[in-house]
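The values are calculated or read from the model by the stated rules, or taken from the named source; none is laboratory data. Remember, it's a predicted structure, so these values are computed and weren't measured experimentally. In this analysis, Cβ positions are derived from the backbone assuming ideal geometry, glycine residues included, and neighbour counts consider all displayed protein chains. All accessible areas refer to the heavy atoms of the entire protein, side chains included, with ligands and DNA or RNA removed. Shrake-Rupley method; radii C 1.70, N 1.55, O 1.52, S 1.80 Å.
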Amino acid sequence: GAVVSQHPSRVICKSGTSVKIECRSLDFQATTMFWYRQFPKQSLMLMATSNEGSKATYEQGVEKDKFLINHASLTLSTLTVTSAHPEDSSFYICSARSPGSGGGTEAFFGQGTRLTVV
Amino acid sequence: AQKVTQAQTEISVVEKEDVTLDCVYETRDTTYYLFWYKQPPSGELVFLIRRNSFDEQNEISGRYSWNFQKSTSSFNFTITASQVVDSAVYFCALSSLNTGGFKTIFGAGTRLFVKA
């Protein structure tokens, strides 16, 4: 079964509203989670690294005020798309590594969230 | 620079054919990790394999096999006797200290179509 659960899997929202996406690690405590964005027929682009108990680290070009990340516990990270616009429509995926695994283990990925802003 | 190149955008084969997906990577690190993931139409990423930079031994898992060659910085993936269910996008990925705390960076992906 999945070790990282992402919710919701699909969401449609009106332009100007905010949407929250949750990412939960089910079998382990994740001090670090990653958020990716995937445009149709493109690769996964890392948006930010979510660190438990501290501020997220955003990749260059990602608006931190637009994409709010909160990692309040060792099993939950949330991504909030604020004042969403149609160009924010995309597939968002989170991932988590179990603690102490460095880069040597695979990151477990959530099921992804398909966001459509109308 | 850390980079993963998957030069093949799309590949189309007929069922039972063998197919190889190419992956070339760039990294300055001596310790790094390479991955392959499968993304079916549902969107969820499915982990296929992990390799560390010190282990060049090739691996076979059922119809899947991987060829890791540090001399050419390649980590190619072969599907033997392909099946329609293999149709998906396949991503090669790299993780190392210099990707930024072992973040995973992905290649552009190769879309595989297997026709019946």
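Could you tell me the calculated FRET efficiency between B:D29 and A:E22, based on Cβ-Cβ distance and R0 = 30 angstrom, to the nearest 0.05?
On the way: r = 33 Å, r/R0 = 1.10.
Plugging the Cβ-Cβ distance into 1/(1 + (r/R0)^6) gives 0.35.
Once R0 is set to 22 Å, what does the formula 1/(1 + (r/R0)^6) return for the Cβ-Cβ distance between A:N70 and A:S15, expressed as a FRET efficiency to the nearest 0.05? Show your work: numbers first, answer last.
Numbers: r = 23 Å, r/R0 = 1.05.
It comes out at approximately 0.40.
Taking 8 Å as the Cα distance limit and 6 or more residues as the minimum spacing, I'd like the relative contact order of chain B as a percentage. Spell out each step's value before the answer.
Working: 288 pairs, mean separation 43.8, N = 116.
In percent, rounded to a whole number, it is 38.
Can you list the trypsin sites (Lys or Arg not before Pro) in the stretch A:1-101 that are in a DSSP coil and have 11 or fewer other beta carbons within 10 angstrom? Intermediate results must be reported in sequence, preceding the final value.
Values: sites: A:R10, A:K14, A:K20, A:R24, A:R37, A:K41, A:K55, A:K64, A:K66, A:R97; in loops: A:K14, A:K41, A:K55, A:K64, A:K66, A:R97.
Hits after loop and neighbour filter: A:K14, A:K41.
I'm checking a number: the convex hull volume of the Cα atoms of the protein assembly as shown, normalised per residue, in Å³. What is it? Please report the intermediate quantities before stating the final value.
Working: hull volume 29.2 nm³, N = 234.
It comes to 125 Å³ per residue, whole-number rounded.
So if I take the centroid of the Cα atoms in the stretch B:42-116 and the same for the stretch A:35-98, what is the distance between those two points in Å?
The stretch B:42-116 and the stretch A:35-98 have Cα centres separated by 24 Å.
Loop only by DSSP, 16 or fewer other Cβ within 10 Å of the Cβ. Give me the chymotrypsin sites (Phe, Trp or Tyr not before Pro) in the stretch B:1-101 that pass, ordered by residue number. Walk me through the numbers on the way to the answer.
Details: sites: B:Y25, B:Y32, B:Y33, B:F35, B:W36, B:Y37, B:F47, B:F54, B:Y64, B:W66, B:F68, B:F75, B:F77, B:Y90, B:F91; in loops: B:F54.
Hits after loop and neighbour filter: B:F54.
What's the Kirkwood radius of chain B in Å, using all Cα pairs? Walk me through the numbers before you get to the answer.
Values: mean 1/r = 0.0699 Å⁻¹.
By the Kirkwood definition, the hydrodynamic radius is 14.3 Å.
Enumerate the calculated ³J(HN,Hα) couplings along the stretch B:74-90 in order (Karplus 6.51 cos²θ - 1.76 cosθ + 1.60, θ = phi - 60°), each rounded to whole Hz, writing x wherever the residue is Gly or Pro.
10, 9, 8, 10, 10, 10, 9, 6, 4, 10, 4, 5, 7, 4, 4, 9, 10
What's the carbon and sulfur percent of chain B's accessible surface, probe 1.4 angstrom, rounded to a whole number?
Working: 2730 of 5510 Å².
Carbon and sulfur: 50 percent of the exposed surface of chain B.
Tell me the carbon and sulfur percent of the accessible area for the stretch A:21-75, rounded to whole percent, probe radius 1.4 Å. Intermediate results must be reported in sequence, preceding the final value.
Numbers: 1480 of 3060 Å².
Its accessible area is 48 percent carbon and sulfur atoms.
Go through the stretch B:21-37 and flag every residue whose accessible area shrinks by 10 Å² or more with all protein chains in place compared to the isolated chain (probe 1.4 Å).
B:Y33, B:F35, B:Y37
Could you run the numbers on buried accessible area between B and A, total for both chains, 1.4 angstrom probe, in Å² to the nearest 100?
Values: alone 6290 and 6490 Å², together 11160 Å².
In total, this chain pair buries about 1600 Å².
Within 10 Å of each Cβ in peptide B:102-110, how many partner chain Cβ atoms are there on average? Round it to a whole number, please. Intermediate values should be presented prior to the final figure.
On the way: counts 9, 11, 10, 4, 7, 2, 4, 5, 0.
The shielding value for this peptide is 6.
Can you tell me how much longer the chain between B:T20 and B:Q57 gets when fully stretched, taken as 0.36 nm per residue apart minus their C-alpha distance, in nm with one decimal?
Working: separation 37, 0.36 × 37 = 13.32 nm, distance 1.75 nm.
This chain segment gains 11.6 nm when fully extended.
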